[in-house]
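Only one structure is covered here, and it is reproduced in the block below.
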Amino acid sequence: NTTHLWCLRALKYSVPILQRARGAGERWEEEHYEDGVKWRFLEHKGPLFAPEYEPLTDNVRFHYNGQPMKLSANAEEVATFFGKMLDHEYTTNAIFRANFFTDWREVMTSAERKLITNLNKCDFQEIHTYFTEKTEAKRVQSKEVKQDLKMEQEAIAQEYGYCTMDGHRERIANYKIEPPGLFRGRGSHPKMGKLKNRIQPEDVIINCSRDSKIPVPPTGHNWKEVRFDNKVTWLASWTENVQGAMKYIMLNPSSKLKGEKDWQKFEIARRLKGCVDDIRAKYSADLKSREMKSRQRAVALYFIDKLALRAGNEKEEGETADTVGCCSLRVEHIKLHNKLNGQACVVEFDFLGKDSIRYYNKVLVKKQVFKNLKHFMQNKDPSDDVFDRLNTHNLNKHLQELMEGLTAKVFRTYNASITLQHQLEQLTDSEGSEAEKLLSYNRANRAVAVLCNHQRTAPKSFDQSMKKIQAKIEAKKEQIDLTKSELKSAKMYHKVKKDKKSKLVVEKKKKMVQKLEEQLTKLEVQATDREENKQIALGTSKLNYLDPRITVAWSVGGWVRSGEIKWRVGGSESKGMLESSSWEASTSTDTMGRQRERDALSEMLSFGWDVTPRLCGLFWRQFHCRPLPTKKYTGVDPEGVVVGGGGGG
DNA sequence: GCTGTAGACTCAGAAAGGTAGTA
DNA sequence: CTACTACCTTTCTGAGTCTACAG
């Protein structure tokens, strides 16, 4: 049921502390900060550190070369990291094992190091069993105990999980410091298995306001530094030891800060929509530029625009998995086909992109693009860059000149969102059932996920669950046949009897058939949806690439159900009207469409909030197609505002 | 200008967690 | 009613993008 609003998770987490008295129609405009300033006031409790290591009891033994041995506390802790992962594929990977063993030996005592020289002789089985049993014990404990534990966690979250930023109580995304463990890189990462050290307060930089209550470090400890930098958004940071990367504690996406940025992102994408034709004309012309750099840039832009490739920064060789994006494509990643299956100028891509997800695609390209590629790849080794005169820096600099705020990734956002809109227009049948409309939405969403190459490994039980739903469909069909024949005999009986009672039976059977047939289509649609979604991940595009306004326009703008719609906020229902205003209809300057959207939001958000762009951003971001609220996510937030939750599927 | 690097922020899929439907 | 399990959401943290700044 896509036409109900229910999920205002954002409200649950971002609560204005300084409620302003505002009259009807008065806009809430918070002052704009000067360039680069992100906040005026920031107060928080500091991060929550990982619980200390609890040594194993003597009955859980590590064996070396068949002999049980008690490890020193440090060595034992690191051993448990490996032991816990025993049924994971990582522990069979040679690089993982080698890195782990090297780092493990470093924390051993010299005696241990002398003895333990071969990982193959190490037996972590008891450790593994111990933790498996522990998990199981946790799983089976009583409802009451689980509830208590949850309450405890909630209390901690209330203390550490929120901060105050400029008068708003904001939820923190990751208030917990990452616990020590073994580094799990994606793909074939040269550092996988290395030890991620335990972070101490002495490693952590705190960022807050000078006039706030400065977080107190755990007793006996000190912070690395306390700074008061309001040009950045993070609350705390540290440097991670495996890659030397910085880690940050930042706000939840529901926060004003993140929501506003998110909103801005879609506004930039919409601005691109306004000038994308010019930009396309420009790079198409540049395909024939006399300057090599411009030609390469033009081809790269063509790919970024047409295929939604990522920019492709250079990476330090040997430090990370070997993955590429557009600018870092190598000759070995591209095959040129003068003719393929009757088509001319086909480019075959095969490379590993972000997270080592494979990108494989055969694409029909412009003749000039093909010619250029041939030229770029001439006399080069497979490991040479295709675009040797190009990098993301000068590409983005060029884009910046074409449109303010334009970078390579904006094309991804733009093309994702415009694809959703076009697909929705094409696929939605206004006469279809809700299940069919939901399928249309998911198909449109899927087109975007395919464009952005968002993949997932098929769920373990996929085939099984597919069989199950097929069985259900068969059962339903049988049931329909049965009911139909019952209807037939009821009709015959009625012909003879011609009384009220027999007529009633006919009606009843008729209704039953109808109902069953509805259930059948719903199941069939569900099965189709699931099958098509086997290896495609919709979440990332839904969350990060699709302008929620398009979904709102689709779901309430008459495509799904025209006329009056009911908005559900918490327990109370209010009614609102909203006219269609897709990306096409609304522009960056405030149109009537936007105003109506705001009005509708205003209705929904009848908690004394003004509907600022930010709020729209917050709420829309959360607005996916999902059914009515169920009890499970309905809660009361700290300020006593009842918030409905979204659940189900 | 160009290059290299640190820093800060968005976006990514896997894994964990939790609930509702089902046996 | 309870245990199981399928399925969806949230959490986690790694992997990108992009900018600022130094030499």
Notebook entry, point to check: If r is the Cβ-Cβ distance from residue A:88 to residue A:401 and R0 is 45 Å, what FRET efficiency results, to the nearest 0.05?
Noted result: 0.40
Note to self: If I model a spin label at residue A:393 and residue A:134 as a point 7 Å from the Cα along the Cα→Cβ vector, what separation in nanometres do I get?
What the structure shows: 4.7
Notebook entry, point to check: Taking the highest mean first, how do the peptides A:293-306, A:197-210, A:143-156, A:99-112 order by number of other beta carbon atoms within 10 angstrom per residue?
Noted result: A:293-306, A:197-210, A:99-112, A:143-156
Notebook entry, point to check: Each residue of region A:154-170 in turn: what ³J(HN,Hα) in whole Hz from Karplus with 6.51, -1.76, 1.60 and θ = phi - 60°, glycine and Pro shown as x?
Noted result: 5, 4, 5, 4, 5, 7, 9, x, 10, 9, 10, 10, 6, x, 10, 8, 10
Item checked: Cβ-based net charge around residue A:393, under 13 Å, with every Lys or Arg adding one and every Asp or Glu removing one -> +3
Margin query: Please rank A:365, A:324, fewest neighbouring Cβ atoms within 10 Å first, as an exposure proxy.
Written below: A:365, A:324
Note to self: Starting from 0.36 nm per residue, how many nanometres of slack lie between residue A:470 and residue A:43 once their C-alpha separation is accounted for?
What the structure shows: 148.2 nm
Notebook entry, point to check: Can you flag which of A:84/A:196; A:191/A:306; A:231/A:265; A:45/A:231; A:134/A:194; A:213/A:261 are past 23 Å Cα-Cα?
Noted result: A:191/A:306; A:134/A:194; A:213/A:261
Margin query: Checking the a/c ratio against 1.5 first, then a/b against b/c, what shape does the Cα gyration tensor give for region A:290-430?
Written below: rounded
Notebook entry, point to check: Taking the Cβ of residue A:61 as the center, what net charge do the other residues with Cβ under 13 Å away carry, scoring Lys and Arg +1 and Asp and Glu -1?
Noted result: -3
Notebook entry, point to check: Length gain on complete extension for the stretch residue A:496 to residue A:290, per 0.36 nm per residue less the alpha carbon to alpha carbon distance?
Noted result: 65.1 nm
Margin query: Just want to confirm a number: the relative contact order over region A:472-544, from Cα pairs under 8 angstrom separated by 6+ residues, in percent.
Written below: 39
Next item on the list: With a point put 7 Å past each Cα toward its Cβ, work out how far residue A:142 is from residue A:363 in nm, to one decimal.
Entry: 6.1
Checklist line | Nearest-0.05 FRET efficiency for residue A:422 and residue A:508, computed from C-beta distance (R0 60 Å) | finding: 0.85
Check: Any idea what the relative contact order of region A:62-140 is, in percent, if you count C-alpha pairs under 8 Å spaced at least 6 apart?
Finding: 47
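Would you list A:392, A:57, A:521 from fewest to most Cβ contacts within 10 Å?
In increasing order of surrounding Cβ atoms, one gets A:57, A:521, A:392.
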Item checked: region A:419-470-region A:238-285 distance, computed between alpha-carbon centres (Å) -> 26
Checklist line | Top positive-direction residue, dipole computed over region A:358-433 with Cβ charges, set A:407, A:368, A:382 | finding: A:382
Next item on the list: Based on other C-beta atoms within 10 Å, arrange A:227, A:139, A:443 from fewest to most.
Entry: A:139, A:227, A:443
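Read-outs: derived from the displayed coordinates by stated rules, not from any lab. Remember, it's a predicted structure, so these values are computed and weren't measured experimentally. Don't worry about glycine lacking a Cβ; one is built from the backbone with ideal geometry, like all the others, and counts go over all protein chains shown.
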